[in-house]
């Protein structure tokens, strides 16, 4: 039973297909993210759920109801806009009260609810301020309060933290998650920031070119990317081209011997092996790992919490590695690198790519 | 400043001198000011002419607003790629002389004009209609001539209106009508104010349109001043009428501006 469900939804703008056969389901009280680069169709998908765009094909269901033709003001869906869209001619109080006034809620009730929601977003006593007297972060909170005060079944957030600087951003991520838990509303969150999606979401739909590339929990998306795009977009990775070998083995070009992978992974006829840089170990005395290779250190960049190492296996296979700064390494020295079979994943080659 | 000095302050000072009777018949300076010509105002036809002018200007403003608001809303919000073309169509009439356009309107409304000829030829009327030389014709001429002055500032304010505000209102449960009343209208108030002033102020003093399209019943302040100055050669009374007109318009505009900008910070 989904709270929001899209079934094979297509939306075209002229000759461009912004949303291409998108199917996904959002469960009740879930924090669900649409993640992808700009122009991937995530915002359009969100606008379809809000009712600002009508799908050309496919079905949008809100609860049990097919909602394709329901105008936005009759949907029980709140929205926090990327550029806030707070009413500049109204006070903070009136902005938040707007939805309640439209629903013809009584005056005392409105006052009570607005005050509660100001409390919820951490702005008690700000009701009389004008919008332009608030900082970016405060405006953002008002936007969230305004969208939440009617207690919509679903809250849509379109890159709401985009315009904020890093510190406030991180703080607001935490706040949003707290609010979501406290109120227990379904959140659908659009972002191009993979870190944001990974830390906040229960489930993520990674989108590219209007299509959903993969749906899964942050851990699934990060550890078991299904496409090269997903592996590349979320975090850094090493891609090793190769093809299937014997049971539990994958043959990579440029490596002296086969790579041990989890049984089942090797079935891919042609594919790429994806290994995250932080999952690769490095050191001259390395042993006890499923895969071990002799390598030479090409480059070391100190980055505080870790060092970014480039290591070469053979003549032309370079791997990116995040290593502990305590490991003694020197450029040009011989060393060993290795990883366990559970740390790598084999991705099928995309036909189009 | 020099420009203003030569073409505004100097003539205005001369008019002031005349209005207070400080220049005599022989164009000699008369040091003692008198209120005689202002008192004369109330004994003349001037107050009723003033009333009519204000009424006509008011009617013109309201009609321009009623016509201009939906037009500029349509162009700014729904115009899409045709926006520029549509605005050009609004502006193009400006490139034709004001006088010429009014004469063109005369050839349409005339007893032998297009409307009458067409209606007669279809047998819809047996006698030509009297479309000219009345209040309605003057009103039509004024609305026609001043409409672009209303549309331009309205369009500018609607163009600036963030469309996502309307979406926000929608997502908060406001249908199209209530979105309009609570969001669009308050946020385009500055455009309404500017447009109304741009139409009202020149419309009060208008004299060519009533001269060409109007009859005796549509005699306006502009015509009165014109007659006093150029026909009756009563520069003193003409000046006092002008001064009263200016004072009245300034007062009304000030009050109106205060009303329009009430409670609104200039953030938009």
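All of the numbers you see were taken from the coordinates with simple rules; none came from a lab. Since the model is a prediction, treat every value here as computed from it, not as a measurement. Positions of Cβ are generated from backbone atoms using ideal geometry, with glycine treated the same way; all protein chains shown enter the neighbour counts.
Summary of computed values
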| quantity | calculated |
| --- | --- |
| Spacing of the two label points (7 Å from each Cα toward its C-beta) at residue A:340 and residue A:57, in nm | 4.6 nm |
| Per-residue [θ]222 nm for chain A (sum of -39500 (n - 2.57) over DSSP H runs n ≥ 4, rounded to 500) | -7000 deg cm²/dmol |
| Packing rank of A:81-92, A:202-213, where each peptide gets the mean count of other beta carbons within 10 Å, highest leading | A:202-213, A:81-92 |
| Distance from the range A:83-127 to the range B:143-205 (C-alpha centre basis), Å | 25 Å |
| For B:159-168, mean number of other protein chain Cβ atoms within 10 Å | 5 |
| Residue B:3-residue B:114 FRET efficiency (beta carbon distance; Förster radius 56 Å; 0.05 resolution) | 0.85 |
| Label-point separation in nm, residue A:183 to residue B:74, each point 7 Å along Cα→Cβ | 4.0 nm |
| 0 to 90° range, to nearest 10: angle between helix A:136-148 axis and chain A longest Cα axis | 70 degrees |
| Residue B:42/residue B:208 FRET efficiency (R0 25 Å; Cβ-Cβ; nearest 0.05) | 0.35 |
| Separation of the residue A:15 and residue B:226 label points, Cα + 7 Å toward Cβ, nm | 5.8 nm |
| GNM top mover of A:326, A:97, A:197 - chain A, alpha-carbon springs below 10 Å | A:326 |
| Contour excess over end-to-end distance, with Cα ends at residue B:30 and residue B:129 and 0.36 nm allotted per residue | 30.3 nm |
| Normalised contact order of chain A, rounded percent, pairs of Cα under 8 Å and 6 or more residues apart | 15 percent |
| Peptide A:98-105, shielding by other chains (average Cβ, 10 Å cutoff) | 4 |
| Solution diffusion estimate, µm²/s, Stokes-Einstein, chain B, Kirkwood Rh from C-alpha pairs, 25 °C, viscosity 0.890 mPa s | 114 µm²/s |
| Separation of alpha-carbon centers, the range A:309-328 and the range B:67-94, rounded to whole Å | 63 Å |
| Per-pair calculated FRET efficiency, R0 = 56 Å: residue A:257 and residue B:58 via Cβ, rounded to 0.05 | 0.05 |
| Cβ crowding within 10 Å averaged over residues, with B:197-206, A:296-305 ranked highest first | B:197-206, A:296-305 |
| In degrees, nearest ten, helix A:107-120 long axis to first principal axis of chain A (Cα) | 20 degrees |
| Whole-angstrom gap from the range A:225-276 to the range A:141-164, using each part's C-alpha centre | 41 Å |
| Fully extended contour minus Cα-Cα distance, from residue A:306 to residue A:130, at 0.36 nm per residue | 58.8 nm |
| Within 10 Å of each Cβ in A:340-348, the average number of Cβ atoms from other chains | 0 |
| Structure-based [θ]222 nm, chain B - -39500 (n - 2.57) summed over DSSP H runs of at least 4, per residue, nearest 500 | -20000 deg cm²/dmol |
| Cα gyration tensor category, rounded, prolate or oblate, for the range A:4-228 with a/c compared to 1.5 | prolate |
| The range A:215-353, relative contact order [Cα under 8 Å, separation at least 6], % | 28 percent |
| Folded to 0 to 90 degrees: helix A:166-183 orientation relative to chain A principal axis, Cα | 60 degrees |
